[in-house]
1. Within the stretch 33-54, take every residue that is in contact with a helix residue (DSSP H, G or I) (Cβ under 7 Å, 6 or more places away or on another chain) and part of a strand (DSSP E or B) and give me the one that is surrounded by the most Cβ atoms within 10 Å (Cβ to Cβ).
2. Looking at (1) surrounded by 13 or more Cβ atoms within 10 Å (Cβ to Cβ); (2) over 29 Å from the mean Cα position of the chain (by Cα), find the lone condition where residue 262 falls short.
3. Just to verify a result, which residue in the stretch 211-259, among those that are in contact (Cβ under 8 Å) with a residue 12 or more places away in the chain and outside any helix (DSSP H, G or I), is surrounded by the most Cβ atoms within 10 Å (Cβ to Cβ)?
4. Is the stretch 250-259 home to any residue that is under 30 Å from residue 56 (Cβ atoms), at pLDDT 95 or above and not assigned by TED's automatic domain parsing to the domain that holds residue 107?
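The values are calculated or read from the model by the stated rules, or taken from the named source; none is laboratory data. Worth saying up front: this structure is predicted, and the values here are computed from it rather than measured. Because the Cβ atoms are built from the backbone with ideal geometry, glycine has one as well, and the counts that use them run over all protein chains shown.
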């Protein structure tokens, strides 16, 4: 796919995906959704991509849905069905966050400016969120007469707790990066010029020192266990993982390189060496 509304740039194992409609504060469109879904699929297939950094072009991350359609912007009756499901329609933001949820690569949000609506809810499904001092966040749905989207009613309370989630969502107000940090929505806040370097530093730590299959499995174990009703579910998956990876070339290399006091060179690839028990969770179709 040719990208018109995002940039896809890989350098030294790190992919930067930039939302690229700076004249519209990178407002979210159907075209942007399609490009982002394609980019995530592409990243999962590319073993040279070890981590992904998301940011926005210009002074904003994403101003939410493009409202140029006016009063009918959110009226699905004016569009054909997106996918089989409830009333024949599915939320585009949810299609994106569900794909991010299943992505096998570490996802780092470097929020450089305003991020409201889907601009922040898409970040909830990323693994680590960093903010510029110039970032502003808003779960503004109640101020537009609509409800939370992009699976944010699942992600947000798990990240910040129900009380904080309810305050931000019920008020719909826009708040600062410092408040986002206090509320545990973001990991850290940085001066604008230091935001991307800090995101790349974290991505580099992962890319240079870890086994990609182990990263993919551990990432999915943490996300998927958020819905487990007993630690036994984690024990089942842990046991499969320890058994499967314990006899792998990656683990042999990890142990030997440690004993020999040298940098490891992990041979296994996410594209072809994921263990047979993966994915272990039952397929969930929208019905």
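1. 51
2. Here residue 262 clears every test but (1).
3. Checking each candidate, the answer is 211.
4. No, the stretch 250-259 has no match at all.
Every residue, every condition in (1) assigned to a helix (DSSP H, G or I); (2) farther than 24 Å from residue 58 by Cβ; (3) in contact with a helix residue (DSSP H, G or I) (Cβ under 7 Å, 6 or more places away or on another chain), yes or no:
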{"residue": "120", "(1), (2), (3)": "yes, no, no"}
{"residue": "131", "(1), (2), (3)": "no, no, yes"}
{"residue": "137", "(1), (2), (3)": "no, no, yes"}
{"residue": "145", "(1), (2), (3)": "no, yes, no"}
{"residue": "148", "(1), (2), (3)": "no, yes, yes"}
{"residue": "159", "(1), (2), (3)": "yes, yes, yes"}
